[in-house]
Amino acid sequence: MRKFEKVSRIKEDIKLPERATEKSAGYDFFAIEDVEIPPYKLGDKPFNVATGIKIQMLDDESLELLNRSSNPEKKNLVIPQSLGLIDADYYNNTKNEGEVFFSFYNLNTQSVSIKKGEKLGQGVFRKYLIVDNDNAKGIRQGGFGSTGK
C-alpha cells in the first residue's frame, strides 16, 4: 500500500500531497504553518519546515524530496545535498511518527517567508534494489541521522 496521511499531532484539516497534472512525476507538499527562514550563516543547521504528513509505502520504495524549481530562483532556498530521502521504515517510527520535513538553507541576506498552504517541494517515489547478500537488521527509531548513531 502507498498512501499519504496526516500525523496525529495535527488536529485541523491539511492538504495532502498531490500531483498538479496527469503526467507529473512529483507530488507537491505544502507548509502547514507560516514560517520565517533566517539567512544561512556558516555553521548553521538547515531550517526544517513541517508538512504534517507521513507516508506509507512499499518495502522496496523510497521517496525523494526535491526542491521546487522556483525556490532557488525566486527565494534563494536550496535543499542540503540537493534532495531528501524518506525510507519506507520512517513511517510510524517511534520518535516522530514519520512526519516529513523539508530542509532548506536560505541563501538570501534577509529572512524568507513561507505561508501556510504554500508549496514547499515535491516528492517522487522510487523503487530500489538490494544486493543478494544484504544482512540489514536495524530498526529505525527516528529521522535525520538516526540510523548512524
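Structure notes:
- Separation of alpha-carbon centers, segment 92-107 and segment 1-31, rounded to whole Å: 14 Å
- Out-of-range pairs (alpha-carbon distance over 19 Å; input K3/K74; K6/K75; K15/K119; K23/K115; K74/K115): K3/K74; K6/K75; K23/K115
- With the convex hull drawn over the C-alpha atoms of the chain, the volume per residue is 137 Å³.
- Maximal additional length on extending the E12-I130 stretch stands at 38.6 nm, based on 0.36 nm per residue less the C-alpha distance.
- Aspartates and glutamates with Cα under 19 Å of K116, excluding same-chain neighbours fewer than 8 positions away: E5, E12, D13, E18, D28, E33, D34, E36, E99
Read the figures in this text as sums done on the coordinates, not as results from a lab. Quantities reported herein were computed from a predicted structural model and do not represent experimental measurements.
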